[in-house]
1. Can you pull out the residues in the stretch 94-112 that are under 17 Å from the mean Cα position of the chain (by Cα) and not aliphatic (A, V, I, L, M)?
2. Looking at PHE48, PHE85, PHE28 in this structure, which one is among the hydrophobic types (A, V, I, L, M, F, W, C), closer than 19 Å to ALA151 by Cα and free of Cβ contacts under 8 Å to residues at least 40 places away in the same chain?
3. Go over the candidates VAL110, VAL47 one by one and state the one that is closer than 30 Å to GLN153 by Cβ, in contact with a Ser or Thr (Cβ under 7 Å, 6 or more places away or on another chain) and modelled with pLDDT of 95 or more.
4. What is the residue count in the stretch 75-98 for residues that are at pLDDT 95 or above, among the hydroxyl-bearing types (Ser, Thr, Tyr) and on the phi < 0 side of the Ramachandran plot?
5. Here is a list of conditions, (1) among the hydrophobic types (A, V, I, L, M, F, W, C); (2) in contact with a Gly (Cβ under 7 Å, 6 or more places away or on another chain); (3) within 29 Å of SER39 (Cβ to Cβ), and CYS174 meets all of them except one; can you say which number that is?
6. Within the bounds of the stretch 108-124, is there any residue that is without any contact (Cβ under 8 Å) to a residue 12 or more places away in the chain and surrounded by fewer than 17 Cβ atoms within 10 Å (Cβ to Cβ)?
7. Does any residue of the stretch 81-93 turn out to be of a type in the set (S, T, N, Q), crowded, with 19+ Cβ neighbours inside 10 Å and under 13 Å from the mean Cα position of the chain (by Cα)?
8. Looking at the stretch 18-31, can you tell me whether even one residue there is on the phi > 0 side of the Ramachandran plot, surrounded by 15 or more Cβ atoms within 10 Å (Cβ to Cβ) and among the aromatic types (Phe, Trp, Tyr)?
Amino acid sequence: MNKHFFAHETAVIDEGAVIGEGTSIWHFSHLMKDCKVGSNCNIGQNVFIASGVVIGNNVKVQNNVSLYSGVICEDDVFLGPSSVFTNVINPRSAISRKKEFKKTILKKGVTIGANATIICGITIDEFAFIGAGAVVTKNVAAYAMVAGNPAKQIGWMSEHGNKLEFNNEGIAVCESTGKKYLLKNNVVEKI
């Protein structure tokens with residue numbers, strides 16, 4: 001295995017796992033064969049990444065996260081500590097449902113808060129922000145901020161992570177970057 005990444009001595013990396021340059025994999029994590037982890041990622045302690053999982057570049061996976069087959073994280077995603085992902089809607093121990101795995105897609109820049117649960121088969125669009133402890137059961141729009149159980153939209157977030165306050169013309173300005181956003185027909189885009 002060509003070591004262009006860092007792996008703590010207690011990490012288990014199965015042959016066939018693809019890991020990008022500059023990635024760090026910490027204590028007691030397990031990466032299975034056929035998973036793909038991009039460049040400059042940080043895989044925290046006690047993380048499990050199953051076969052078939054795809055992780056983009058510059059993704060941060062905090063401690064105690066398990067990513068099961070079907071999870072796809074694009075670039076710049078943040079997965080908070082102990083966030084939970086599923087891949088079957090109706091699991092039963094005695095019934096094999098491997099042919100029923102559903103994809104869960106986290107688009108560029110998504111943040112998942114600590115202890116949030118993401119039900120399989122959904123897409124969380126660009127730069128959406130999932131609050132700590134939320135239970136996400138349906139698709140989430142780009143730049144949306146959701147919280148609760150079940151998760152409901154409570155606002156909008158900038159790419160920088162600031163709450164967006166829209167004026168009467170549907171324009172909001174990120175207080176940290178000065179970038180402008182337009183809200184039209186309940187869809188936000190950067191302008």
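1. Result: LYS102, LYS103, THR104, LYS107, LYS108, GLY109, THR111.
2. Matching residue, one of PHE48, PHE85, PHE28: PHE85.
3. Values: VAL110 fails: in contact with a Ser or Thr (Cβ under 7 Å, 6 or more places away or on another chain).
The unique qualifying residue is VAL47.
4. Total meeting the criteria: 1.
5. Here CYS174 clears every test but (2).
6. Here is the first cut: in the stretch 108-124, the residues without any contact (Cβ under 8 Å) to a residue 12 or more places away in the chain are none.
Taking every residue of the stretch 108-124 in turn, none turns out to be without any contact (Cβ under 8 Å) to a residue 12 or more places away in the chain and surrounded by fewer than 17 Cβ atoms within 10 Å (Cβ to Cβ).
7. Our first condition is that a residue be of a type in the set (S, T, N, Q); within the stretch 81-93, this holds for 82-83, 86-87, 90, 93.
Applying the additional criterion that residues be crowded, with 19+ Cβ neighbours inside 10 Å yields 83, 87.
Now restrict to residues that are under 13 Å from the mean Cα position of the chain (by Cα): 83.
For the stretch 81-93, residues of a type in the set (S, T, N, Q), crowded, with 19+ Cβ neighbours inside 10 Å and under 13 Å from the mean Cα position of the chain (by Cα): present.
8. yes
The values are calculated or read from the model by the stated rules, or taken from the named source; none is laboratory data. What you are looking at is a predicted structure, and each value in this text was computed from that prediction instead of being measured. No Cβ is skipped: glycine too gets one built from the backbone with ideal geometry, and neighbour counts run over all protein chains shown.
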